[in-house]
1. Give the residue that is most open to solvent (accessible area, probe 1.4 Å), with candidates limited to residues of segment 43-63 that are among the small types (G, A, S) and at negative phi.
2. Looking for whichever is of a type in the set (D, E) and open to solvent by less than 80 Å² (accessible area, probe 1.4 Å) here; the options are E66, E88. Which one fits?
3. Taking segment 91-103 only, how many residues are open to solvent by 10 Å² or more (accessible area, probe 1.4 Å) and either within 13 Å of M68 (Cβ to Cβ) or out of contact with any Pro (no Cβ under 8 Å at 6 or more places or on another chain) (or both)?
4. Scan segment 70-94 residue by residue and report those that are touching a Phe, Trp or Tyr at 6+ places or on another chain (Cβ under 9 Å) and assigned to a loop (DSSP other than H, G, I, E, B).
5. Would you tally the residues in segment 68-90 being of a type in the set (A, V, I, L, M) and within 30 Å of A45 (Cβ to Cβ)?
6. Quick one: what pairs do we get from segment 76-96, first residue of a type outside the set (D, E, K, R), second not in a loop (DSSP other than H, G, I, E, B), C-beta under 6 Å, 6+ apart or different chains?
7. What are the residues in segment 1-42 that are aliphatic (A, V, I, L, M), within 15 Å of A92 (Cβ to Cβ) and either open to solvent by less than 30 Å² (accessible area, probe 1.4 Å) or modelled with pLDDT under 60 (or both), if any?
Amino acid sequence: MKKLIQFTVLSMVLALPLNGWAGPNPNQVLLQQRIQEAQQRLERAERARGAERQRLMQEHMRMMQENMQMLQRMTPPGRGTSMQEHEEWMAAHQELMNRMLLQMQREHQLLMDMLPRQ
């Protein structure tokens, strides 16, 4: 489980883009929706107990992995993109990454809370 979390965080860091598109493109809008769905799943897991919590956590981790792959596949803009459009896309992309990171932090805390106390 710890290795999965480390892999997810490392993937997030490696997903930092070097270039961008103009504003939220359709892929960014779709990813925003998927991040929101994962957020709702995490909130349900926080309220659940036992096997239900574990099932919801596994679903959340799968969703986050898919979202991370989608984030990594986003491509830089083509030629002819203005600096303002580039900066707008970068800001939107950064916001997506921040939302993913915050969810991963909450997920990590919930996983740590699930571990047996010694």
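1. Of all residues in segment 43-63, those among the small types (G, A, S) come to 45, 48, 50-51.
Okay, now just the ones that are also at negative phi, so 45, 48, 51.
Details: A45: 0, A48: 14, A51: 77 Å².
Filtering first and then ranking leaves A51.
2. Values: E88 fails: open to solvent by less than 80 Å² (accessible area, probe 1.4 Å).
Checking each option against the conditions leaves just E66.
3. Filtering segment 91-103 down to residues open to solvent by 10 Å² or more (accessible area, probe 1.4 Å) leaves 91-92, 94-95, 98-99, 101-102.
Keeping just the survivors that are either within 13 Å of M68 (Cβ to Cβ) or out of contact with any Pro (no Cβ under 8 Å at 6 or more places or on another chain) (or both) gives 91, 94-95, 98-99, 101-102.
Residues that pass the stated criteria total 7.
4. Scanning segment 70-94 gives M74, T75, P76, P77, G78, T81.
5. Step one: of segment 68-90, the residues of a type in the set (A, V, I, L, M) are 68, 70-71, 74, 83, 90.
Restricting the remaining residues to those that are within 30 Å of A45 (Cβ to Cβ) gives 68, 70-71, 74.
Matching residues across segment 68-90 total 4.
6. Hits for this filter: A92/Q28; L96/L31.
7. Start the filter on segment 1-42 by keeping residues that are aliphatic (A, V, I, L, M), which leaves 1, 4-5, 9-10, 12-16, 18, 22, 29-31, 35, 38, 42.
With the extra rule that they be within 15 Å of A92 (Cβ to Cβ), the set shrinks to 15-16, 22, 29-31, 35.
Within segment 1-42, A15, L16, A22, L31, I35 qualify.
The values are calculated or read from the model by the stated rules, or taken from the named source; none is laboratory data. Since we're looking at a predicted model, the values are computed, not measured. Cβ sites come from the backbone with ideal geometry, for glycine too, and all protein chains shown count toward neighbours. Side chains included, ligands, DNA and RNA excluded: accessible areas come from the protein's heavy atoms. Shrake-Rupley method; radii C 1.70, N 1.55, O 1.52, S 1.80 Å.
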